[in-house]
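Here's the structure, in structure tokens; my notes come after.
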Amino acid sequence: MITLNNQEYSKSKLLIQSKKSYKTLWEQAFWNFIKTWLDDKNYIEVKTSGSTGTPKMIRLEKKRMIASAKATGKFFGLNPNDKALLCLPCDYIAGKMMVVRAMVLGLDLYLVEPTGNPLASNLIQNINFQFGAMIPLQVLNSLENKPTQFNQIEKVIIGGGVVDNHLLEKLQTTKNQCFATYGMTETITHVAVKTLNGENKSEVYQALEKVDFLQDKRDCLIIDAPYLSDNQIITNDIVKLYSKSSFEWLGRFDNVINTGGIKVNPEKIEAKLADFIKTEFFIAAEADEKLGEKVVLIIEKIIEKEGEINFELLKQQFQTILSKFEMPKKIYSLPKFERTETGKIQRKRTLSLLFNFK
């Protein structure tokens, strides 16, 4: 574990620490970022996740990262000396921004190895945190293995993947506040947040301060945040826009399936099927002579973990919840999906792998 408190570390001390040799890659990544953050350049270079395309390096101005940290601090009511938990790798923007928030807001930052079960570390037991960030898998494992410790993190932001119905149900039993975040590397992490549990639970994302939302002709979200970018950021996320500061996420434009002239959102079908399929899966399109595209279901079939999957039983169950346009015309399985380095399913690469094998 590493502890970083903005009140204790001067720039010179941090630079000295960053030049030391560290045994683990996650510690090296943390101190490498510290060194980069404190150098004379006014920007950092960071790699996008690659979940919706080829990963690429982009430049983020440090002044915009500072503005983002302040916006997060204001939204969540964070104060100097609040304790924050970092259990995400600093190779990516989510981990980097936790460090920036600590330095800008004066938080006391505790770092543990970014594993799938970060709260297992004995070094943070019985510590009450005011803020923490996790991916869905870390939250699920924490709820199953360390529920008391998880409840000791007052506010938890969850990003990097979809919070499915199974996890959402578990979150209703927690005593802390949990939030899903909307954002990307280009927006320097989140620009909107929705509450996942408690009295304020909602499907609607609320904008951080000084962020406005619009829609283009595709019904895709446009982000107008001058403190993050000089230009509006046009996304491929289809949304239901409620106001300039709130929206409901519906799915990805590049995933939409046009089947017989009817457009369906795979993500909406996936939400309906989540209670029936107890392994990783996604909905996709396959070319069809009559329909143009047909809906297909792709299941990650890991037999040693999940057991045999009864496809016929699944089809019978689907008929009770899906319309005829949403119903998968075929079900395929692969032993393992293609994923990004951060664990997100790469749909296009997985489909390419599947259909090349056919």
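For region 248-267, the count of residues that are assigned by TED's automatic domain parsing to the domain that holds Ile188, surrounded by fewer than 18 Cβ atoms within 10 Å (Cβ to Cβ) and at positive phi is zero. Right, Leu322: assigned by TED's automatic domain parsing to the domain that holds Ala274 and modelled with pLDDT of 90 or more or not? Against the criterion (assigned by TED's automatic domain parsing to the domain that holds Ala274 and modelled with pLDDT of 90 or more), Leu322 qualifies.
Inspect all residues belonging to region 165-182 and state whether any of them is buried (at least 17 other Cβ atoms within 10 Å of the Cβ), at pLDDT below 95, in the same structural domain as Asn79 (by TED's automatic domain parsing) and of a type in the set (Gly, Ala, Ser). For region 165-182, residues buried (at least 17 other Cβ atoms within 10 Å of the Cβ), at pLDDT below 95, in the same structural domain as Asn79 (by TED's automatic domain parsing) and of a type in the set (Gly, Ala, Ser): absent.
Taken over region 220-231, the criterion of being surrounded by fewer than 14 Cβ atoms within 10 Å (Cβ to Cβ) and either within 21 Å of the chain's Cα centre (by Cα) or over 20 Å from Gly73 (Cβ atoms) (or both) is satisfied by Asp230, Asn231. Here Ser246 clears all of (1) within 19 Å of Ile135 (Cα to Cα); (2) in contact with a strand residue (DSSP E or B) (Cβ under 6 Å, 6 or more places away or on another chain); (3) small (Gly, Ala, Ser) except the condition numbered (1).
The values are calculated or read from the model by the stated rules, or taken from the named source; none is laboratory data. Here the structure is a predicted model, which is why all the values come from computation and not from measurement. Because the Cβ atoms are built from the backbone with ideal geometry, glycine has one as well, and the counts that use them run over all protein chains shown.
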